[in-house]
Amino acid sequence: MNPAIPIYLGTGTEAMVKLTAEVADGWLPNGFVPGSLPEYLPWLEEGFRRAGNGKSLGNFEIQGSVHVAINDDVRAALAVLKREVALYVGGMGHRDKNFHKDIMVRRGHREAAERIQELYLAGRKDEAAAAVPGEWVDQKSLVGPPARIKERYRAWADSGLTGLTIRCKQPEAVEIIAEAARAA
């Protein structure tokens, strides 16, 4: 056993974010997008307070995650990602308790989230994907031509994260993000 291995929890609900801040070394936030840290700060602060050991944002890791796809056609890139959103919002968890759907609702997309879940659970997966708002997917990803990705990366760099996991299928996407990070 190695007690020096840091423990990170992937959480997004109020109770679990508080617990993460209390007991873990870092957080893998579910549904994190640039601008969302203020929503979580009171929960994190409560967890730090419970820990009682000097924990704070200054010594706590927050590792975000973002899809990156280079494509001159932004709509086409977003459409690919809509299928995954439909699966998570529509098909993960119980109809009455789906954390991914709850995050989408919290961020102001209640009608879309309800419709996506309804369609997905009815087996109409293509329609569920089509019901995912493009702006929701765009908030959660970095897609488009390299210049657009680099420009939008800045919001992620300034979001309060201490690290960012890049999810991509293109080696050149990693290079674009590395260039954006060096310029940030």
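The values are calculated or read from the model by the stated rules, or taken from the named source; none is laboratory data. For clarity, every value in this text was computed on a predicted model and none was experimentally measured. For neighbour counting, all protein chains shown are included, and Cβ atoms are generated from backbone atoms with ideal geometry for every residue, glycine included. These accessible areas exclude ligands, DNA and RNA; they are computed on the full protein's heavy atoms, side chains included. Shrake-Rupley method; radii C 1.70, N 1.55, O 1.52, S 1.80 Å.
Apart from one condition, Trp136 fits all of (1) within 19 Å of Glu39 (Cβ to Cβ); (2) open to solvent by 30 Å² or more (accessible area, probe 1.4 Å); (3) aromatic (Phe, Trp, Tyr); the exception is (2). The single condition from (1) open to solvent by 50 Å² or more (accessible area, probe 1.4 Å); (2) within 26 Å of Pro38 (Cα to Cα); (3) outside any helix (DSSP H, G or I) that Lys169 fails is (2). On the stretch given as segment 137-154, residues that are in a helix (DSSP H, G or I) and either closer than 15 Å to His67 by Cβ or in contact (Cβ under 8 Å) with a residue 12 or more places away in the chain (or both) total 10. The set of residues in segment 50-90 being free of Cβ contacts under 8 Å to residues at least 24 places away in the same chain and not acidic (Asp, Glu) consists of Gly52, Asn53, Gly54, Ser56, Gly58, Asn59, Ala76, Val80, Tyr88. In segment 29-54, the qualifying residues are those that are under 19 Å from the mean Cα position of the chain (by Cα) and open to solvent by 60 Å² or more (accessible area, probe 1.4 Å), and the one that is farthest from Trp156 (Cα to Cα) is Pro42.
Summed over segment 87-119, the residues that are at pLDDT 95 or above and open to solvent by 70 Å² or more (accessible area, probe 1.4 Å) give a count of 5.
Kindly indicate whether Lys150 is over 15 Å from the mean Cα position of the chain (by Cα) and among the charged types (D, E, K, R). Against the criterion (over 15 Å from the mean Cα position of the chain (by Cα) and among the charged types (D, E, K, R)), Lys150 qualifies. Of all the residues in segment 55-86, those that are under 30 Å from Ile7 (Cα atoms) and open to solvent by less than 60 Å² (accessible area, probe 1.4 Å) number 14. Within segment 122-132, restricting attention to residues that are assigned to a helix (DSSP H, G or I) and open to solvent by 80 Å² or more (accessible area, probe 1.4 Å), the residue that is nearest to Thr11 (Cα to Cα) is Lys125. Only residues that are open to solvent by 70 Å² or more (accessible area, probe 1.4 Å) and charged (D, E, K, R) were counted across segment 139-162, and they come to 4.
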